[in-house]
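What follows is a set of notes on a single structure, which appears directly below.
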Amino acid sequence: MATLLEIENLKTQFFTSAGTVRAVDGISYTVDEGETVALVGESGCGKSVSALSILRLIPWPPGKIVEGQIRFAGTDLLTLSDDEIRNVRGKDISMVFQEPMTSLNPVLSIEQQLTETLTTHFPVSPEEAEKRAIELLDMVGISDPERRLKQYPHHFSGGMRQRVMIAMALACQPKLIIADEPTTALDVTIQAQILELMKDLTKRLGVALIIITHNLGVVARYADRVNVMYAGKIIEEGTAADIYHRPQHPYTLALLKSVPRMDRPRQAKLDPVEGQPPDLTMLDDGCPFRPRCRYRVERCNEAFPPLESVGGNHLSACWEKAVLKQAIKEVS
Amino acid sequence: MSPAHAALAAGTAKSNKPQPGEILVDVKGLRMYFPITSGVLISRVVAHVKAVDGISFHIRKGETLGLVGESGCGKTTTGRCILQLEKATEGQILFEGQDLTKLTQKEMSPIREKIQVIFQDPYSSLNPRMKIGEIIGEPMKVHGIITDSAKRDRRIAELLSLCGLDPKFSDRYPHEMSGGQRQRVGIARALAVNPEFIICDEAVSALDVSIQAQVINLLEDLRDEFGLTYLFISHDLSVVRHLCHRVAVMYLGKMVELADCDELYDNPIHPYTRALLAAVPIPDPVIEAKRKHEVVKGEVPSPINPPRGCVFHPRCTLAVDSCSKAIPEFREIKPGHWVACTEV
């Protein structure tokens with residue numbers, strides 16, 4: 001598969017009165033055509049900011065992309081003019097946000113919101129746009145689409161609104177959809193419905209998907225490849241199987257150990273990651289995870305380790321990866 | 001088994017066998033209907049939201065009962081009724097044999113010492129204008145437990161360190177703390193009056209996984225140390241399995257299944273419980289690839305006008321004609337395993 005999106009050394013910072021927040025601190029990754037890539041991490045690790053950076057939706061002031069390249073199908077999105085990037089948004093790359101309750105405009109009907117993207121990007125007549133909108137609602141599993149099209153967001157439940165959001169994202173047949181915590185606000189049975197729908201549609205239509213989430217279970221079920229983020233950096237990258245079966249970074253390992261699992265004998269005690277995530281205004285050159293890390297050495301204070309292969313396309317950013325590998329081997 | 005799996009599985013298994021103690025909380029036929037009114041000058045009741053519609057359960061001393069279900073199923077309202085923050089429409093809530101629904105505000109006051117609550121949102125459940133020390137000291141003052149301020153400060157410091165916080169935090173304000181730290185403050189405040197029974201309403205849901213595990217461990221340690229009884233309200237089925245002795249599943253104001261924790265997770269009987277468990281993704285791509293993903297259709301109907309008969313029948317795969325007519329009886333099909341379904 002050809003590479004669709006290539007992010008290189010992206011740095012996004014927020015200049016606040018409390019100091020410079022290094023929200024995204026030099027991340028690089030790629031997304032192939034039709035592939036589902038997950039960005040996983042806890043609150044404040046920079047996963048959402050990195051996604052907003054792709055579409056240049058970072059509000060200035062206080063935020064700014066200070067360095068890096070985002071190549072989408074060959075063009076660097078960061079060099080485009082405002083008009084040009086507006087042509088990309090919603091057309092080639094679209095977005096599904098977390099909050100289905102606030103991301104639709106309450107005073108516009110579903111029809112107005114769905115057809116807006118179509119008429120903005122294509123020379124279609126209102127009738128054609130309406131026809132396409134009905135088709136889209138049908139595709140995302142909303143019954144009686146002709147009637148529902150005329151309704152307003154408050155007529156829809158959370159799960160149904162998220163379906164509308166997905167229909168909007170698919171309207172212009174984009175090549176890439178960025179879904180930022182698409183199911184976090186939903187109940188588990190609805191979450192399952194929405195995720196199955198997204199998986200099914202992206203596979204069928206050949207759309208690439210970046211899914212941003214903190215839910216490790218969701219990632220395991222739906223992602224081809226996974227990037228684990230911590231304090232603005234990608235600390236481990238690999239296939240879902242790599243990350244879950246052969247984690248090679250102390251943070252990933254700790255994260256996996258800290259969730260209670262339904263398919264395993266119950267542990268006497270959970271094994272949490274001690275301490276708190278770092279303050280992003282106070283980061284130094286060292287590894288940001290070192291205060292919480294069980295494998296830290298002197299070297300971790302000096303520099304952030306490079307993201308290097310630990311076998312094939314499985315990458316880890318840890319000075320002690322050899323020691324960690326050995327430790328995991330010994331336990332088994 | 002892969003190496004990481006072995007590393008992950010390290011730690012001894014624990015069984016959450018039910019506790020044999022005496023019954024502490026006994027809820028009988030609880031109903032909570034919220035009226036919907038219409039009209040500006042002369043308001044009249046046009047309908048009711050049946051938030052909780054006739055549920056019964058008990059909690060033994062030292063036991064943790066999990067209450068699970070999706071948004072709007074009535075689990076939080078049940079907790080609020082026990083706390084007497086809502087006046088129940090019907091039913092009894094016995095605490096140590098005393099019916100709380102019959103008590104006046106004044107009679108309830110000494111009982112509030114024994115029943116405490118930990119809320120979901122650590123950002124809105126602490127007063128932003130009070131220092132942490134004042135927040136934790138307030139319940140002691142209100143209930144007249146420790147009137148001497150020097151003694152109270154010592155107790156505040158003790159509670160803070162018990163909950164894994166530096167005693168120096170007592171001079172700080174909530175905005176200076178992270179979500180996990182605030183939740184620890186919420187726990188310290190609940191413990192300040194030496195309660196017997198704590199209602200944890202989604203107490204760990206707003207926290208990140210690494211912090212969530214810390215707070216779960218804290219709740220468990222406190223339970224063991226002080227012999228606390230918990231009602232653990234949550235939508236996270238993995239956390240409930242880890243913490244609870246028995247689990248009750250609610251759907252649209254009704255209880256659909258109640259069993260010992262292991263029994264419920266190993267042999268779920270009610271179609272809704274089964275659907276709920278199947279919907280939880282497991283953090284393992286190999287297992288996920290093999291699992292069948294049967295997605296339950298439709299959405300939760302409105303509690304204003306719930307379906308006739310069994311409330312789950314419009315979404316149920318086992319539904320037959322009679323399901324839409326008669327309300328299924330909540331029956332004990334194995335010792336300790338209760339289900340409200342006629343077709344299993």
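Data overview
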| quantity | calculated |
| --- | --- |
| Test result for B:V247, touching a His at 6+ places or on another chain (Cβ under 8 Å) and not acidic (D, E) | no |
| Within the stretch B:223-259, tally of residues that are closer than 18 Å to B:L24 by Cβ, charged (D, E, K, R) and surrounded by 20 or more Cβ atoms within 10 Å (Cβ to Cβ) | 1 |
| Residues that are in contact (Cβ under 8 Å) with a residue 60 or more places away in the chain and either within 16 Å of B:M250 (Cα to Cα) or touching a helix residue (DSSP H, G or I) at 6+ places or on another chain (Cβ under 8 Å) (or both), drawn from the stretch B:282-308 | B:V300, B:P303, B:P306 |
| B:S43 vs. criteria more than 30 Å from B:E138 (Cβ to Cβ), at pLDDT below 90, surrounded by fewer than 17 Cβ atoms within 10 Å (Cβ to Cβ) and within 14 Å of another protein chain (Cβ to nearest Cβ) | no |
| Residues of the stretch B:150-170 satisfying the condition of being assigned to a helix (DSSP H, G or I) and out of contact with any Ser or Thr (no Cβ under 8 Å at 6 or more places or on another chain) | B:A150, B:K151, B:R152, B:R154, B:R155, B:E158, B:L159, B:S161, B:L162, B:K168, B:F169, B:S170 |
| Tally of residues being touching a residue at least 12 places away in the same chain (Cβ under 8 Å), in a strand (DSSP E or B), touching a strand residue (DSSP E or B) at 6+ places or on another chain (Cβ under 6 Å) and not β-branched (V, I, T) across the stretch B:55-110 | 12 |
| Residue under evaluation A:R56, criteria (1) touching a helix residue (DSSP H, G or I) at 6+ places or on another chain (Cβ under 6 Å); (2) under 29 Å from A:L283 (Cβ atoms); (3) surrounded by 18 or more Cβ atoms within 10 Å (Cβ to Cβ), criterion not met | (3) |
| Selected residue (only one of B:H270, B:H313 is over 16 Å from A:E196 (Cα atoms) and either in contact with a strand residue (DSSP E or B) (Cβ under 8 Å, 6 or more places away or on another chain) or small (G, A, S) (or both)) | B:H270 |
| Where B:D284 falls short, out of the listed (1) over 19 Å from A:L195 (Cα atoms); (2) buried (at least 24 other Cβ atoms within 10 Å of the Cβ); (3) touching an Asp or Glu at 6+ places or on another chain (Cβ under 9 Å) | (1) |
| Residues (surrounded by fewer than 20 Cβ atoms within 10 Å (Cβ to Cβ) and either acidic (D, E) or under 15 Å from A:R204 (Cα atoms) (or both)) located in the stretch A:146-171 | A:E146 |
| Helices (runs of 4 or more DSSP H) enclosed by the stretch A:238-305 - at least 3 residues per element that are more than 7 Å from chain B (Cβ to nearest Cβ) | A:250-258, A:299-302 |
| Matching residues, the stretch B:171-208, being outside any helix (DSSP H, G or I) and farther than 19 Å from B:T64 by Cβ | B:R172, B:Y173, B:M177, B:S178, B:A192, B:V193, B:A206, B:D208 |
| Complete set of residues in the stretch A:307-332 that are surrounded by fewer than 20 Cβ atoms within 10 Å (Cβ to Cβ), assigned to a loop (DSSP other than H, G, I, E, B) and more than 14 Å from chain B (Cβ to nearest Cβ) | A:G312, A:N313 |
| Hey, A:T252 over 23 Å from A:L52 (Cβ atoms), under 19 Å from the mean Cα position of the chain (by Cα) and buried (at least 23 other Cβ atoms within 10 Å of the Cβ) or not | yes |
| Residue identified as surrounded by fewer than 20 Cβ atoms within 10 Å (Cβ to Cβ), of a type in the set (S, T, N, Q), free of Cβ contacts under 8 Å to residues at least 12 places away in the same chain and away from chain B (no Cβ under 14 Å) among A:S81, A:S109, A:S103, A:S143 | A:S81 |
| Test: residue in the stretch B:34-48 that is closer than 30 Å to B:L219 by Cβ and small (G, A, S) | no |
| Single residue of the stretch B:265-281 satisfying the filter (buried (at least 22 other Cβ atoms within 10 Å of the Cβ) and touching a residue at least 60 places away in the same chain (Cβ under 8 Å)) that is farthest from B:V296 (Cα to Cα) | B:H270 |
| The stretch A:307-332, subset within 29 Å of the chain's Cα centre (by Cα) and among the basic types (K, R), residue nearest to A:H245 (Cα to Cα) | A:K325 |
| Counted residues, the stretch B:299-326 - those being more than 9 Å from every other protein chain (Cβ to nearest Cβ) and not in a helix (DSSP H, G or I) | 19 |
| Given (1) within 11 Å of chain A (Cβ to nearest Cβ); (2) among the charged types (D, E, K, R); (3) in a loop (DSSP other than H, G, I, E, B), index of the condition B:E220 fails | (3) |
| Among (1) under 16 Å from the mean Cα position of the chain (by Cα); (2) of a type in the set (S, T, N, Q); (3) more than 14 Å from chain A (Cβ to nearest Cβ), the one test that B:N194 misses | (1) |
| Answer residue from the stretch A:18-53, given it is in a strand (DSSP E or B) and among the acidic types (D, E) and is surrounded by the most Cβ atoms within 10 Å (Cβ to Cβ) among those | A:D25 |
| Looking only at the stretch A:63-110, and only at residues there that are under 25 Å from A:G46 (Cβ atoms) and acidic (D, E), the one that is farthest from the chain's Cα centre (by Cα) | A:D82 |
| Residue that is nearest to A:I134 (Cα to Cα) [pool: residues in the stretch A:170-199 that are assigned to a loop (DSSP other than H, G, I, E, B) and more than 14 Å from chain B (Cβ to nearest Cβ)] | A:A171 |
| Pairs, first farther than 15 Å from B:L228 by Cα and within 11 Å of chain A (Cβ to nearest Cβ) in the stretch B:200-217, second assigned to a helix (DSSP H, G or I) and among the hydroxyl-bearing types (S, T, Y), C-beta under 7 Å, six or more apart | B:V209/A:S258; B:S210/A:S258; B:A213/A:S258 |
| Failed criterion for A:L209 (all others in (1) touching a Phe, Trp or Tyr at 6+ places or on another chain (Cβ under 6 Å); (2) closer than 21 Å to B:D284 by Cβ; (3) more than 12 Å from chain B (Cβ to nearest Cβ) hold) | (1) |
| All positions within the stretch B:81-92 that are surrounded by 21 or more Cβ atoms within 10 Å (Cβ to Cβ) and within 20 Å of B:K61 (Cα to Cα) | B:C81, B:I82 |
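The values are calculated or read from the model by the stated rules, or taken from the named source; none is laboratory data. All values reported here derive from a predicted model rather than from experimental measurement. For neighbour counting, all protein chains shown are included, and Cβ atoms are generated from backbone atoms with ideal geometry for every residue, glycine included.
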